[in-house]
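Visitor: Quick one: the structure is below, questions incoming.
Each reported figure results from applying straightforward, stated rules to the coordinates on display, with no laboratory input. No experiment lies behind these values; they were computed from the predicted model shown. Glycine gets a Cβ as well: all are built from the backbone with ideal geometry, and neighbour counts include every protein chain shown.
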Amino acid sequence: MSAGTPPQVQSLTCPNCGAPLTVRSMGRAVAIVCGHCHSILDAKDPQLKILQRFEDAIDEVPLIPLGSRGKWRGSDYEAIGFQVRSMESDGLTYSWREYLLFSPYKGFRYLTEYDGHWNDCSVATALPEAEGASARYLGKKYRHFQTCLAKTTFVLGEFPWQVAVNDDAIAVTDYIAPPYVLSSETAGNETTWTLGEYVNGADIWKAFGLPGLAPTPIGVYENQPSAVKTSAGRIWFAFAGLATALVVIFTLNQLFSQQEQVFREAYSFSPSSTEASFVTPEFELKARTSSVEVQTDADVSNQWIYLDYALIDEDTGQAYDFGREVSYYSGVDSDGTWTEGGHQDQVVLPSIPPGRYYLRIEPESDARLGSIGYTVTVTRDVPVLGVYLLAFAALLLPALLISWRTYSFEQMRWAQSDHPVVTLGGGE
Amino acid sequence: MSQPAALCPSCGAPIVFQWSSSVQTTCPHCKSILVRTDVNLEKVGVVSDLPPDSSPIQVGTSGVYENRAFTVAGRIIYDYDEGSWNEWHITLNQGGSAWLSDAQAQYAVTLAFPAAPLPALATVHLGDRFTWNKTAFEATVITEARYRGVEGELPFQYWDKQGATFIDLRSTGGDFATLDYSDTEPVLYLGKFVDFDALRLKNLRAFEGWS
Amino acid sequence: MIWNRLYLIYGTAVVLLLGAGAYRGWSFTSVNEVKNVPKSIRDNPGSYRAIYAGYHHYTGGK
């Protein structure tokens with residue numbers, strides 16, 4: 001039987017300019033482009049009939065040179081065709097590039113590139129169901145991203161379909177489910193569907209051994225996967241768990257804090273007395289290191305009292321200095337009665353070790369006014385709400401940050417679509 | 001599995017049928033098309049040299065489809081306005097035969113499915129829907145093809161047919177169906193699109209320069 | 001995925017820190033700690049003033 005291995009690469013000449021042509025797709029090409037004069041030739045015609053000829057010398061250099069070989073998705077592929085397509089939106093022209101890859105075992109697939117974003121595309125075998133704003137393919141839902149008219153503006157290499165430059169535009173519709181994109185192309189009454197998957201330029205460069213680096217992606221592409229979005233949901237879930245732990249610790253704290261009053265005494269301060277400073281009797285802070293609350297109640301009336309406190313450990317000589325003020329003012333004016341300040345001050349000292357303590361107190365007040373009566377109460381092991389609020393904020397902040405980043409990423413994604421308003425549902 | 005043997009009536013070379021139900025085969029030496037009328041072979045024509053083509057599958061390739069092992073016994077090459085494709089006749093090791101279609105390296109396996117009544121060619125249009133074997137299909141392509149050549153063993157005698165029209169149908173789940181209008185009565189083949197890797201093909205054709 | 005892991009580690013650290021703080025009685029008050037306050041304060045409280053905290057060495061003239 002015949003069918004011995006055909007020659008790998010056939011050599012032919014371009015009928016327009018005479019340059020040699022290299023054919024790589026083993027007889028599957030329908031159109032082939034002369035690399036020299038860029039005429040499009042009919043590959044099915046033994047005479048290589050010229051389908052389209054060019055006057056301009058526009059030249060675009062493909063980033064993956066024709067003839068490049070690489071191992072992609074488990075098989076060897078060769079880049080055999082290159083196409084530049086453009087569409088217009090709001091008066092601006094956007095161009096993207098397509099690279100046709102061929103394997104004698106797996107056939108054709110193509111890599112598309114736009115602004116440094118790459119997609120690996122192949123023809124869809126199952127039937128998609130399009131429903132206007134969305135489409136369904138193999139059980140997955142895709143959201144409509146964009147519909148545009150695309151024209152081919154430049155071609156090189158071979159194609160298993162008819163290509164023509166600046167010919168009739170083809171209606172292209174993209175539906176996305178990041179990292180996938182489902183694309184339909186309608187020419188006349190024939191529609192072809194392709195499925196694309198977002199890939200990193202670096203992986204392509206590595207597979208094909210291309211020199212230098214892949215172009216840096218600009219902005220967010222339609223089906224670019226959001227590294228952050230997949231995390232957002234889980235992070236809020238983790239937040240819920242951690243916030244619950246916070247509440248549990250808070251409850252336990254409230255239940256088990258002893259709030260033991262260790263000292264309470266009433267004093268009276270006369271501003272005219274010579275030595276204001278005095279010490280209190282000793283009291284004991286038992287058990288473990290804990291918070292200590294010092295509460296000052298003073299019957300001030302339109303005056304202030306300032307108390308310079310020092311909590312001193314009898315045995316170690318360690319002192320904790322702090323000063324507190326209690327002031328209260330009231331009056332009547334055109335709006336009615338007003339008050340300012342209060343009669344009580346509370347302060348919580350952190351982590352005071354156990355031991356025998358006393359307070360050294362030095363009160364101070366306005367010398368012109370009368371004596372002030374005040375009470376000092378010392379309580380140990382009180383819960384501190386502020387620490388919980390801080391911890392809650394510390395947990396909330398990263399979750400908010402991630403959600404904001406997801407939102408702005410999606411906003412950037414949809415800004416280029418036919419539907420620039422962002423809704424966070426759909427997709428992943 | 002018996003392997004009937006005979007001698008080519010044209011050149012005398014020994015012919016061995018890999019598949020016991022083959023009706024037709026081609027002599028690998030003189031390329032005569034031979035039809036079995038049981039053991040006596042009858043030469044009915046000569047197939048011209050097959051043009052060089054690019055399918056990686058060849059007669060003798062083996063593979064697996066849905067856990068059923070098969071061997072490639074023969075093929076039909078069709079031409080149409082955008083190129084050509086191969087319909088490889090595969091014999092299932094457990095018995096029976098099926099078709100492995102290779103069109104631009106897009107592969108599908110189909111088996112003859114008895115369903116009646118099948119629509120007449122003139123009544124089918126693109127987008128029409130049918131349900132066979134509990135699967136909904138939509139007509140996606142109508143192809144007018146011509147026979148370009150044959151090779152190996154085939155389950156029927158056909159070599160003198162001129163043109164054939166095929167209607168391809170697809171489902172949302174990746175199923176594939178073909179209505180074959182090459183005979184007087186239409187025949188329905190049902191199957192699925194398959195990945196090259198899923199077929200686990202062995203004994204493929206070697207291509208110079210490709211691994 | 002990595003963000004989720006990082007957040008969990010971070011969040012667990014925050015909660016553990018909070019637990020430790022609740023146990024040890026942390027608060028936001030900034031307190032001036034002075035060491036080695038002499039016992040004579042009990043007899044003469046006026047000799048101890050916060051502003052003297054740094055004067056544990058001789059600073060006067062000769």
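Visitor: With label points built 7 Å along Cα→Cβ from the Cα atoms of A:GLU197 and A:SER408, find their separation and express it in nm.
Guide: About 3.1 nm, to one decimal.
Visitor: Shape call for segment A:227-380 from the C-alpha gyration tensor, a ≥ b ≥ c root eigenvalues: rounded (a/c under 1.5), prolate (a/b greater than b/c) or oblate? Before the final figure, lay out each step's value.
Guide: Values: a/c = 3.08, a/b = 1.48, b/c = 2.08.
Since a/c reaches 1.5 but b/c is at least a/b, the shape of segment A:227-380 is classed as oblate.
Visitor: What average count of beta carbons from other chains do you get within 10 Å of the Cβ of residues in A:101-110?
Guide: For this peptide, the per-residue mean of nearby foreign Cβ atoms is 5.
Visitor: Moving to a separate point now. Return the average number of partner chain Cβ atoms within 10 angstrom of each residue Cβ along peptide A:125-131.
Guide: Numbers: counts 11, 9, 11, 2, 2, 0, 0.
Mean shielding count: 5.
Visitor: Now, a different point. Gap in Å between the Cα centre of segment A:58-75 and the Cα centre of segment B:105-146?
Guide: 37 Å
Visitor: From the helices alone, meaning DSSP H stretches of at least four residues, give me the mean residue ellipticity at 222 nm for chain A, per-run term -39500 (n - 2.57), in deg cm²/dmol to the nearest 500. Could you put the intermediate results ahead of the total?
Guide: Working: 3 runs with 67 residues, N = 428.
Mean residue ellipticity, 222 nm, calculated: -5500 deg cm²/dmol.
Visitor: Set the Förster distance to 51 Å, then compute FRET efficiency between A:LEU400 and A:ARG356 from the Cβ-Cβ distance, nearest 0.05. Please report the intermediate quantities before stating the final value.
Guide: Values: r = 47 Å, r/R0 = 0.93.
The calculated FRET efficiency here is 0.60.
Visitor: Testing the spin-label approximation: label points 7 Å from Cα along Cα→Cβ at B:THR184 and A:ASN189. State their distance in nm.
Guide: 3.1 nm
Visitor: What does segment A:10-224 give for Rg and for Dmax, in Å, if only its C-alpha atoms count?
Guide: Looking at segment A:10-224, its Cα Rg and Dmax stand at 17.3, 51 Å.
Visitor: What helices does chain A have that are whole DSSP H segments, at least 18 Å long along their own axis by Cα, and with mean Kyte-Doolittle hydropathy of 0.0 or more?
Guide: Details: long enough: A:229-256 (41 Å, 1.17); A:385-415 (44 Å, 1.00).
Both cut-offs are met by A:229-256, A:385-415.
Visitor: Using only the Cα atoms of the protein assembly as shown, build the gyration tensor, take square roots of its eigenvalues as a ≥ b ≥ c, and label the shape rounded, prolate or oblate: rounded if a/c is under 1.5, else prolate if a/b is larger than b/c, else oblate.
Guide: Numbers: a/c = 3.74, a/b = 3.16, b/c = 1.19.
In terms of gyration-tensor shape, prolate.
Visitor: Mind checking A:310-319 for the average number of partner chain beta-carbons within 10 Å of each residue's beta-carbon? Can you show the working numbers first?
Guide: Details: counts 10, 1, 7, 2, 4, 1, 3, 7, 5, 11.
Partner-chain Cβ atoms within 10 Å, mean over residues of A:310-319: 5.
Visitor: In whole angstrom, note down how far apart the Cα centers of segment C:1-46 and segment A:294-312 are.
Guide: 25 Å
Visitor: Quickly work out the A:ALA266-to-B:ARG146 label distance, labels modelled 7 Å from Cα along the C-beta direction, and quote it in nm with one decimal.
Guide: Result for the modelled spin labels: 12.0 nm.
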